[in-house]
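The values are calculated or read from the model by the stated rules, or taken from the named source; none is laboratory data. In this text, all values refer to a predicted model and were calculated from it rather than measured experimentally. Because the Cβ atoms are built from the backbone with ideal geometry, glycine has one as well, and the counts that use them run over all protein chains shown. Heads up: the accessible areas ignore ligands, DNA and RNA and are worked out on the full protein's heavy atoms, side chains in. Shrake-Rupley method; radii C 1.70, N 1.55, O 1.52, S 1.80 Å.
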Amino acid sequence: MLDVYAPVAPLFILAILVGGIILILSRLMGPSKPHARKVATYESGMRPIGPAVRRLPVQFHRVGMLFILFDIEVIFFIPWALVFRDLGFYGLAVMGVFFYVLLIGLAYEWFAGGLEWEQ
Amino acid sequence: MEQLYIDLENYLGIGTDSVPEVVRLAIAVLVLGTIFLLAPILTIWVERKVAARFQNRIGPNRTGPYGLLQSFADVLKLIGKEQIMPAHADRIPFLFAPLLMVVSVIMITAVIPLMPNYIGADLSIGALYFVAIGSLSTIAVVMAGWGSNNKYALLGAFRTVAQLISYEIPLVFSLLVPVLFAGTMSMVGITQAQADLDYWYIFLAPASFLIFLFSNLAEIGRTPFDLLEAESELVAGYQIEYSAMPWGMFMLSEFLHAFLIGPLVAVLFLGGWDGPFAEDVPVLGVVYLVIKSMAVYFLGMWMRATLPRFRIDQLMEFNWKFLVPLSIANLLIASFLWELFPEPAGGGLVDNFPRFIVMGGSSLFTLMVGLEFLRRKSVEDRERIARLIDEKNYPLATADQTGVAGD
């Protein structure tokens, strides 16, 4: 049964080989004369101020939470879509309830302001 | 995979008994990989030419006939450039990010059915594989942004992740519509279902097609969704500290990914290799697939040339308040109507015509309703901003509003 996955492995090896060879070739062919100004972090021509790794703006965190919630729900839809033709109206009704709960959640989030980028 | 062997035997004259299986597998994969690795070089040329025409320019025309060799010249130049490792960079993520990006994109090519009986791997979860492996590039972007030790790069990486994971939701919801129609996730199965029916799923779900296209454009980060690069604010986003071929690999995988969106959309909604005589003459299938892919790709280029970039809040609201509800509604409506109007036996364009009207019509109607909401929202926003300008007396406003700017 896993036989169908057989071509994925050589393709993976091919991809790594191609990528690796290109990178190494570029390293070998290109010059390498680093000096302090060249390797300095780019910050529009100024000397970098403070560390580059800073706090994460909270909006991105919220988007991540939203994504996790929805992604789990999406995963439940995939098997349903696959067997949808066999389940017929029964499957539709059951999934309708799930849809309803999902939409309630989305609507609540919307009106609570969870979808606004800036509060 | 057996199908691929059979084709190879036919086309290349490799006997089943004379060569061990590993070699045949390797050759088959090599053929597939080479086709797709050479594709972006041509696509970049097409893209540059078309973009030039949109901007009333000629585009590359010096290197080789019609500038066809321009991309090769670029690759050669990039190989000869210096690789710079920025100070204080996190070496391992920084070095491996381009590699991961290229690997993730090349591995996608395994599930694209080029013609009848020619596919790398006919996985039962083909469409899911495409989306899952394709979004591995998110991790590469985070690695690049984090490893560079650069504020612009890190901010670009944050934005990219937010954008990619947000647009994954409408992407999968609209991907489920053809899956639901065909009853399978295999790319071969979906194509075959459309070929057997003699019509394409775009007629049944035009709105899902558009949502899928948009979320894919966001997924590959093309204008108007190119916030990950955003030249005017983040300089180059996550790839700012990269030079020479590592940078070239980011560009290569971006173009390859953009190109691969074409076959994916074509397989799911436009019937893949399906077309007149495609099943008798398999090579025609490739031609049809390439034509359809390039048509989809052209849509992307057109949008890229026409639309300005989104702001990050607009981007997020466009996704969560427009695409997500719309894609959920479309999935619901499509599944309900599919049950209500069962498929006539045998398929065919004429027998299915009422279904096109009902299902396609309701799909488009939902889209129209959504667009109307969007329009009202944007009018409201514009008026709000105009009021703000009025109240605060910004000199930005026109002369008759403030009486200042005209002097």
Chain B - accessible surface per residue (Å², probe 1.4 Å): 42 Å²
Rounded if a/c under 1.5, otherwise prolate or oblate - the stretch A:70-119, Cα gyration tensor axes: prolate
Peptide A:52-59 - average C-beta neighbours from other chains (10 Å radius): 5
Relative packing of peptides B:240-247, B:132-139 - highest average C-beta neighbours within 10 Å first: B:240-247, B:132-139
Overall form of the protein assembly as shown per C-alpha gyration tensor (a/c, 1.5; a/b vs b/c): oblate
Accessible area, probe 1.4 Å, largest first, for residues B:202, B:35: B:35, B:202
Listing of the stretch B:301-316 residues, each with accessible area lower by at least 30 Å² in the full protein assembly than in the chain alone (probe 1.4 Å): B:312, B:313, B:316
Carbon plus sulfur fraction of accessible area for the protein assembly as shown, probe 1.4 Å, in percent: 69 percent
Degrees separating the helix A:84-111 axis from the principal Cα axis of chain A, which is the longest one: 60 degrees
Extension gain, residue A:28 back to residue A:117 (0.36 nm per residue minus Cα-Cα distance, nm): 27.4 nm
Structure-based [θ]222 nm, the protein assembly as shown - -39500 (n - 2.57) summed over DSSP H runs of at least 4, per residue, nearest 500: -22000 deg cm²/dmol
Distance between modelled label sites at residue B:139 and residue A:36, nm, 7 Å Cα→Cβ extension: 3.9 nm
Local electrostatic count, residue B:267, Cβ distance below 15 Å [Lys/Arg +1, Asp/Glu -1]: -2
Overall Cα dimensions of chain B, principal axis frame, Å, largest first: 85, 61, 40
Residues in the stretch B:98-117 that, when all protein chains are in place, have 40 Å² or more less accessible area than the chain alone would give (probe 1.4 Å): B:99, B:103, B:106, B:107
Shape call, the stretch A:2-112: gyration tensor on alpha carbons, a/c limit 1.5: oblate
Axial C-alpha extent at least 30 Å, average Kyte-Doolittle at least -1.0 - helices from chain B (DSSP): B:21-54, B:151-182, B:244-269, B:282-306, B:361-392
